[in-house]
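Student: Here it is, the structure, as structure tokens.
The values are calculated or read from the model by the stated rules, or taken from the named source; none is laboratory data. Note that this is a predicted model, so its numbers are computed, not measured. A quick note on method: Cβ atoms are made from the backbone with ideal geometry, for glycine too, and the neighbour counts reach across all protein chains shown. Keep in mind that these areas ignore ligands, DNA and RNA; they rest on the heavy atoms of the full protein, side chains included. Shrake-Rupley method; radii C 1.70, N 1.55, O 1.52, S 1.80 Å.
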Amino acid sequence: PYPVRNALNWFALSAATANVVMQLSLLPVGRGVAESKVESGRVDKHPIKRARTTLSYIAVAWHGTDAEREAMRKEIDKQHRQVVSPPSHDVKYNAFDRKLQLWVAACLWRGTLDIVEILYGGLNDAAMDALYDHASRLATTLQVPADMWPADRVAFDEYWQGMLDSLEMDDVTRPYLQNLATLGDMPAPVRRTLGSTSRV
């Protein structure tokens, strides 16, 4: 069947901003990112570094050995330990929350699926099933156990449709995502060249 290594290539970057906006539209994820105290990982402070880190995670999760994935997990855990909402916060979040991690991984798979379908068209069911099964690594490279990943593509679609009703923005995440969508924190040449296209 279609080799899974072909699913991620540089074309996928064209959907990166939309994918991040989708991830952060689940309010606890969005607030956790927007309010993160881990300055070195903030996209509004270090956009290039953040992009490199995210792409490194995707590459290791998709292509890495078990040892490489474990090493990546440990490095990310160091940052995630600091992303926890205060006890009295109006929106509760914890970067170790498996349900939140599952949503982020689901967005990564959905973005991969969209790009694969645009680039390669009608793959057969065997190829799509192989891609989907492999994509569970986007979740299990963190704390999500294998049995939390929807069992098949039909189950994933049911999960995805159910989650869409949970998406929302508030006064904290809305301006954060608007700035992200226009590449507001990228270097000026990038922002001027791609900002309007990214917003579309």
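Student: Once label points are set 7 Å from the Cα along Cα→Cβ at both Glu168 and Ser85, what is their separation, rounded to one decimal in nm?
Tutor: Calculated label separation equals 1.1 nm.
Student: Heavy-atom accessible area of Arg98 with all protein chains present, probe 1.4 Å, nearest 10 Å²?
Tutor: Ignoring ligands and nucleic acids, Arg98 comes out at about 120 Å².
Student: May I pose another question? Is the shape of region 75-139 rounded, prolate or oblate, going by the alpha carbon gyration tensor and its root eigenvalues a ≥ b ≥ c, with a/c under 1.5 for rounded and a/b larger than b/c for prolate? List each step's numbers first, then the result.
Tutor: Details: a/c = 3.57, a/b = 2.81, b/c = 1.27.
Because a/c hits 1.5 or more and a/b exceeds b/c, region 75-139 counts as prolate.
Student: Heavy atoms only, 1.4 Å probe, whole protein assembly: order Leu142, Leu167 by accessible area, highest first. Walk me through the intermediate numbers first.
Tutor: Details: Leu142 25, Leu167 50 Å².
Largest to smallest exposure gives the sequence Leu167, Leu142.
Student: What order do Phe96, Phe156 take when sorted by accessible area (1.4 Å probe), most exposed first? Display every interim value, and only then the final one.
Tutor: Working: Phe96 65, Phe156 5 Å².
Descending order: Phe96, Phe156.
Student: Now a separate question. Give me the accessible area per residue for region 126-176, probe 1.4 Å, as a whole number in Å².
Tutor: On the way: 2560 Å² over 51 residues.
For region 126-176, the per-residue accessible area is 50 Å².
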